Amino acid sequence: MTLILIFGLVVLTLAAIGITIRHPFRHAALRPVDMVALDTLLDPGDEVFLRSNLSHAPFLKLRRKRIRLTQKYVSRIADNAACVLQLVMAVPQASEAVQETSQVKVLAMQIRLQCLLAMGKLSIEYIFPGLELAPFKTVPQYQSLCSSMMNLSKLMPQSAIAVFPANMQ
């Protein structure tokens with residue numbers, strides 16, 4: 001059983017890396033993420049409530065739907081982090097916000113990595129809906145990335161970062 005899980009995770013990771021390599025610039029536009037809806041999907045209390053009020057088969061069907069929706073949110077967060085990374089990489093190194101841009105770069109890369117791991121975990125949970133792996137904990141980091149980008153857009157109004165939308169989160 002463990003060998004199957006490890007094999008599945010390796011295959012999913014390689015597929016995600018392959019997609020990313022083939023489409024490196026598909027992250028052209030920032031898209032809003034409904035953080036309240038994502039928090040609701042990730043709420044363990046909501047999961048317990050559904051488990052206790054639904055029979056086994058309908059609960060598993062609903063859990064799979066929730067996992068697919070969570071995957072869409074995680075994918076959007078990863079795409080937004082990649083877009084932010086591209087915007088920040090375009091900022092000249094001689095700017096007055098070098099430290100802030102380097103922090104945003106690191107944060108965006110961490111979010112991308114965590115999203116990749118979360119997609120693997122969610123894929124395994126989709127295949128085995130009774131299995132509950134560690135929850136997705138990138139939401140606070142993503143909110144921090146959004147606020148850092150808002151600060152950068154105020155510091156550098158003439159750069160490409162100035163077009164950073166306030167509704168990204």
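The values are calculated or read from the model by the stated rules, or taken from the named source; none is laboratory data. No experiment lies behind these values; they were computed from the predicted model shown. Neighbour counts run over all protein chains shown; Cβ positions are idealised from the backbone, glycine included.
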Problem - Enumeration of residues in the stretch 78-96 that are more than 21 Å from the chain's Cα centre (by Cα) and either of a type outside the set (Ser, Thr, Tyr) or at pLDDT 90 or above (or both) - result: ALA90, VAL91, PRO92, GLN93, ALA94, GLU96
Handout entry: Verdict on VAL91 being more than 18 Å from ILE77 (Cα to Cα) and either of a type in the set (Asp, Glu) or touching a Ser or Thr at 6+ places or on another chain (Cβ under 8 Å) (or both)
Key = yes
Exercise for the section: Go through the residues of the stretch 161-169 one by one and say whether even a single one is in a helix (DSSP H, G or I), modelled with pLDDT of 75 or more and on the phi < 0 side of the Ramachandran plot. Expected result: no
Handout entry: Pairs, first without any contact (Cβ under 8 Å) to a residue 24 or more places away in the chain in the stretch 109-126, second hydroxyl-bearing (Ser, Thr, Tyr), C-beta under 9 Å, six or more apart
Key = LEU117/THR13
Problem - Some residue of the stretch 62-76 being free of Cβ contacts under 8 Å to residues at least 24 places away in the same chain and not charged (D, E, K, R) - result: yes
Practice task
Select, from SER75, SER55, the only residue that is hydroxyl-bearing (Ser, Thr, Tyr), out of contact with any helix residue (DSSP H, G or I) (no Cβ under 9 Å at 6 or more places or on another chain) and at pLDDT 90 or above.
Solution key: SER55
Handout entry: Subset of the stretch 97-129 (residues that are aliphatic (A, V, I, L, M), touching a helix residue (DSSP H, G or I) at 6+ places or on another chain (Cβ under 9 Å) and over 18 Å from GLN141 (Cα atoms))
Key = ALA97, LEU122, ILE124, ILE127
Problem - Output for the stretch 128-145, where each listed residue is in a helix (DSSP H, G or I) and either modelled with pLDDT of 90 or more or surrounded by 19 or more Cβ atoms within 10 Å (Cβ to Cβ) (or both) - result: TYR142, LEU145
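Residue-by-condition table, conditions (1) closer than 20 Å to ARG31 by Cα; (2) not aliphatic (A, V, I, L, M):
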site	(1), (2)
LYS72	yes, yes
SER75	yes, yes
ALA81	yes, no
VAL88	yes, no
GLN99	no, yes
CYS115	yes, yes
SER123	no, yes
ILE127	no, no
Handout entry: Options GLN110, GLN99; residue that is under 12 Å from the mean Cα position of the chain (by Cα) and either among the small types (Gly, Ala, Ser) or surrounded by fewer than 18 Cβ atoms within 10 Å (Cβ to Cβ) (or both)
Key = GLN110
Problem - Residues that are within 23 Å of LEU50 (Cα to Cα) and aliphatic (A, V, I, L, M), drawn from the stretch 102-147 - result: ALA118, MET119, LEU122, ILE124, ILE127, LEU131, LEU133, ALA134, VAL139
Practice task
Identify, by number, the condition in (1) surrounded by 12 or more Cβ atoms within 10 Å (Cβ to Cβ); (2) in contact (Cβ under 8 Å) with a residue 60 or more places away in the chain; (3) under 18 Å from PHE136 (Cβ atoms) that VAL84 doesn't meet.
Solution key: (3)
